[in-house]
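The values are calculated or read from the model by the stated rules, or taken from the named source; none is laboratory data. These numbers were taken from a predicted model, which means no experiment stands behind them. Here the Cβ positions follow ideal geometry from the backbone for every residue, glycine too, while neighbour counts run over all protein chains shown. Quick note on the areas: whole protein, heavy atoms, side chains included, nothing else; ligands and nucleic acids left out. Shrake-Rupley method; radii C 1.70, N 1.55, O 1.52, S 1.80 Å.
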Amino acid sequence: MTHPRHRSALIFLASLAIFTIAVTIAAQFGLVSTSFVKTLGKTLCLCLAALAMDLIWGYAGILSLGHMAFFALGGYMVGMWLMYARTEEIVIASMSNGGLPATPEEISQGIATQIFGVVGASDLPAIWSFANSLPLQLALVVAVPGLLALIFGWLAFRSRVTGVYLSILTQAMTLALALYLFQNDSGLRGNNGLSGLQNLPGVTAGQDAVSLWFFWASAAALALTYVGLHAIVSGKFGSVIRAIRDDEARVRFLGYSVEGYKLFVFTLTAVICAFAGALYYPQAGIINPAELAPIASIYLAVWVAVGGRGRLYGAVIGAALVSLLSSWFTGGRVPSVDLGIGTINWVDWWLVLLGLTFVCVTLFSPKGIGGLFDRFAGVHAPDRKGAPLGPDDGSLQEKEAQE
Amino acid sequence: MSALLEVSGVTVSFDGFRAINNLTFSIGAAELRAIIGPNGAGKSTFMDIVTGKTRPDSGSVNFGERPVSLLKLSEAQIARAGIGRKFQRPTVFEDQTVHENLTLALKAARSPWAVLAWRKSAADEDRIAALTAQVGLADSLAKKAGTLSHGQKQWLEIAMLLAQEPRLLLVDEPAAGMTLAEREKTTELLVDIARTRAVVVVEHDMDFVRRLNCKVTVLHEGAVLAEGSLDHVTKNQTVIDVYLGRG
Ligand SMILES: Nc1ncnc2c1ncn2[C@@H]1O[C@H](COP(=O)(O)OP(=O)(O)OP(=O)(O)O)[C@@H](O)[C@H]1O
Ligand SMILES: [Mg+2]
């Protein structure tokens with residue numbers, strides 16, 4: 001017997017498993033290309049980030065427009081190890097041609113010149129100190145975005161910044177970080193970013209195999225996170241954060257530290273995004289500061305809105321659908337439409353289409369695509385005569401609450 | 001009798017307007033008190049000060065046997081210290097069920113980690129069942145609070161207040177929007193609660209206050225105008241002039 005509340009999670013896990021197996025089989029028989037497997041793997045990572053976005057916005061009501069910064073930071077952290085270890089292999093190989101075995105100093109000098117030649121430097125910056133160790137660099141995937149979120153969140157929530165002001169603040173955070181990383185002396189190769197991340201050091205298997213490994217890892221990460229977040233949101237913690245979303249003042253008078261919960265959720269979701277980024281960029285192969293552009297985080301919010309905020313599967317559906325459509329339309333493979341007076345070139349017009357879709361979803365299906373699934377469940381909706389479910393900006397609107 | 005709550009010399013101004021003016025008030029550990037006064041007298045503002053929502057410009061607010069100043073505590077800390085509040089407008093979490101609303105309020109550790117680790121126990125279920133039976137919501141446990149009637153929301157909020165097991169309850173206009181029968185039930189409940197805790201009730205309905213049968217404090221322009229039994233204060237000429245005589 002399963003509680004009806006857990007049914008959506010079971011359906012989700014089953015669908016994800018079938019999808020993963022189907023893609024694997026198709027890849028084995030050469031029905032899908034390696035690059036498409038990578039696209040699907042990356043999409044799963046974006047779904048993971050959307051889950052985090054749904055937790056913080058859909059459930060806790062905090063419209064953060066900076067979470068893709070944590071996603072990119074996670075990518076940078078894992079990218080540093082990938083690039084270092086890969087360059088180390090190449091440097092050692094090329095030096096061993098010279099006859100004498102190279103000294104450690106020569107090797108590290110060689111690595112530094114290889115990696116930082118493009119920005120005119122030849123020393124490894126201090127932030128690369130741990131790049132030679134995979135466990136340490138993986139720890140930084142959690143530590144760096146987690147700490148940034150903790151400090152930023154502490155400052156923002158302690159001063160009770162809410163609503164649109166918080167959204168602007170998070171946009172400023174991701175923009176500032178992007179501008180910093182664009183500088184050549186940021187220690188992360190400026191606008192060149194990190195590249196060659198698809199090459200795993202010490203691995204001789206081809207990209208067709210590696211792409212599947214990452215695809216599976218992304219699917220597993222998505223499944224595990226889904227289960228974990230489902231447990232969180234269907235328990236008392238979920239109840240507290242939904243209460244904060246709808247009426248945070250009332251929650252304070254029940255004795256809960258609203259600021260503490262916001263900080264907790266902000267940091268937790270930042271770490272989930274960082275994980276997603278750490279899986280995404282080895283599949284993308286390259287990361288540069290443009291990934292932290294403010295628009296990236298806005299997209300994340302659009303995916304969740306299109307999918308339906310406040311329901312985990314909605315976030316996944318929204319992210320998968322919009323990001324796959326986006327790569328299809330912008331990939332240049334969609335035939336242009338000739339209207340006589342002009343042609344619609346989808347590479348240019350995709351954003352307009354997305355914008356229109358967003359407006360339509362907001363107007364006609366405020367619960368998003370995920371809401372369509374609820375038509376089958378006949379739960380009564382609170383009759384609010386159009387009033388939102390709480391006094392706060394982020395509170396659920398009447399139409400969203402109908403299940 | 002030593003006081004549970006001691007408010008002394010408190011003053012609050014909003015943009016130069018003195019909403020509370022050198023107010024002094026105290027209540028014992030198991031006492032029922034009614035506060036009456038005209039609109040804008042500062043009754044709700046008084047509750048805002050005690051619960052930490054509004055910070056006074058001067059004065060002191062102390063709580064407990066070994067008194068701690070509430071002025072340094074946040075709203076959440078004050079609530080955890082044992083002060084519960086019912087708002088003038090019923091505020092329950094409309095998107096959540098009656099059961100969820102009560103679970104949120106049940107006395108338990110409040111930190112995020114403790115809440116993550118929280119599992120409902122048989123004792124909690126019994127407590128929720130008892131509370132909903134007490135306020136007549138036993139059949140509505142699975143209903144979303146937003147679907148309840150106005151009076152039922154008031155009851156749910158009172159039940160949530162009791163679930164917190166506070167030592168001091170501040171109840172702002174509990175009878176608003178209730179039928180006569182509901183009002184009588186509310187009176188009984190408040191009188192019953194006040195046997196073990198301190199209860200402060202703000203109410204405009206004089207019949208309601210009379211049924212509470214307790215000491216009455218009259219507020220006017222942010223200060224105490226009179227205090228004593230209802231009969232005593234209703235004989236006071238100034239009280240008649242500023243409050244009773246109006247309608
Ligand atoms: N945050 C605030 N900012 C400005 N003025 C305020 C604020 N809160 C209360 N006031 C003013 O303080 C005065 C006292 O208000 P309060 O709500 O305490 O009255 P009340 O006695 O509860 O009245 P009622 O019986 O109508 O509920 C009013 O004149 C009100 O306008
Ligand atoms: Mg009032």
*Bin by bin, in steps of 5 Å, what percent of the Cα pairs in the stretch A:125-212 do you find, going until the bin that has the longest distance?*
3, 11, 13, 17, 18, 14, 12, 7, 4, 2, 0
*Pop the C-beta distance of A:Ile25 and A:Ser129 into the FRET formula with R0 = 56 Å and round what comes out to the nearest 0.05.*
0.80
*How much FRET efficiency would the formula 1/(1 + (r/R0)^6) give for A:Ile18 and A:Ala139, where r is the Cβ-Cβ distance and R0 is 45 Å, rounded to 0.05?*
0.85
*So what is log10(I(q)/I(0)) for chain B at q = 0.10, 0.15 1/Å, when the Debye sum runs over its Cα atoms only?*
-0.49, -1.09
*Carbon and sulfur: what percent of the stretch B:1-56's accessible surface (1.4 Å probe)?*
46 percent
*asked:* Rolling a 1.4 Å sphere over the protein heavy atoms, what is the accessible area per residue of chain A, to the nearest Å²?
replied: 45 Å²
*Between A and B, buried accessible area summed over both sides at probe 1.4 Å, in Å² to the nearest 100?*
2900 Å²
*asked:* I'd like to know which of A:Leu212, A:Gly235, A:Val265 lies farthest towards the positive end of the charge dipole of chain A, counting +1 on Cβ of Lys and Arg and -1 on Cβ of Asp and Glu.
replied: A:Gly235
*asked:* Sort B:Glu75, A:Glu89, A:Glu259 by heavy-atom solvent-accessible area, probe 1.4 angstrom, most to least.
replied: A:Glu89, A:Glu259, B:Glu75
_For B:Phe17, what accessible surface area do you get with a 1.4 Å probe? Give it in Å², rounded to 10._
130 Å²
*With all protein chains present and a 1.4 Å probe, how do A:Tyr180, A:Tyr299 order by accessible area, largest first?*
A:Tyr180, A:Tyr299
*Separation of the stretch A:101-124 and the stretch B:1-75 by C-alpha centroid, Å?*
69 Å
_Could you compute how much accessible surface A:Ser129 exposes when probed at 1.4 Å, giving the result in Å² to the nearest 10?_
70 Å²
*asked:* Taking every alpha carbon pair in the stretch B:131-247, what does the distance histogram look like in 10 angstrom bins from 0, in percent?
replied: 12, 41, 31, 13, 3, 0
*asked:* Please compare each pair in B:Lys86/B:Lys144; B:Lys53/B:Lys153; A:Lys262/B:Lys185; B:Lys143/B:Lys215 to a cut-off of 31 Å on the Cα-Cα distance and tell me which ones are over it.
replied: A:Lys262/B:Lys185; B:Lys143/B:Lys215
*Carbon-plus-sulfur fraction of the accessible area of chain A, 1.4 Å probe, in percent?*
67 percent
*In a shell of Cβ-Cβ distance under 12 Å around A:Val203, excluding A:Val203 itself, what net charge do Lys and Arg (+1) and Asp and Glu (-1) give?*
0
*Threshold 40 Å² - residues in the stretch B:130-152 whose accessible area is reduced by that much or more when the chain is no longer isolated, probe 1.4 Å*: B:Lys144
*So what is the diffusion coefficient of the stretch A:171-322 in µm² per second by Stokes-Einstein at 25 °C and 0.890 mPa s, using a Kirkwood Rh over Cα pairs?*
136 µm²/s
*Could you check the simple spin-label distance between A:Ala209 and A:Ile92, using points 7 Å along Cα→Cβ, in nm with one decimal?*
2.0 nm
*Work out Dmax and Rg for the protein assembly as shown from the C-alpha atoms and quote the Rg first, both in angstrom.*
30.4, 111
*Would you check the accessible area of A:Leu155, probe 1.4 Å, heavy atoms only, in square angstrom rounded to 10?*
90 Å²
_Value of [θ]222 nm, deg cm²/dmol, for chain A, DSSP H segments ≥ 4, -39500 (n - 2.57) each, nearest 500_ = -22000 deg cm²/dmol
_Of all DSSP beta bridges in the protein assembly as shown, antiparallel share, percent nearest 5_ = 60 percent
_Ratio Rg/Rh, restricted to the stretch B:80-159 and using Cα atoms, in which Rh is the Kirkwood radius_ = 0.96
*Which order do B:Glu203, B:Glu6 take when ranked by solvent-accessible area (1.4 Å probe, heavy atoms of all protein chains), largest first?*
B:Glu6, B:Glu203
*Estimated distance in nm for a label pair at B:Ser26 and A:Leu372, the labels positioned 7 Å out from Cα along Cα-to-Cβ*: 6.8 nm
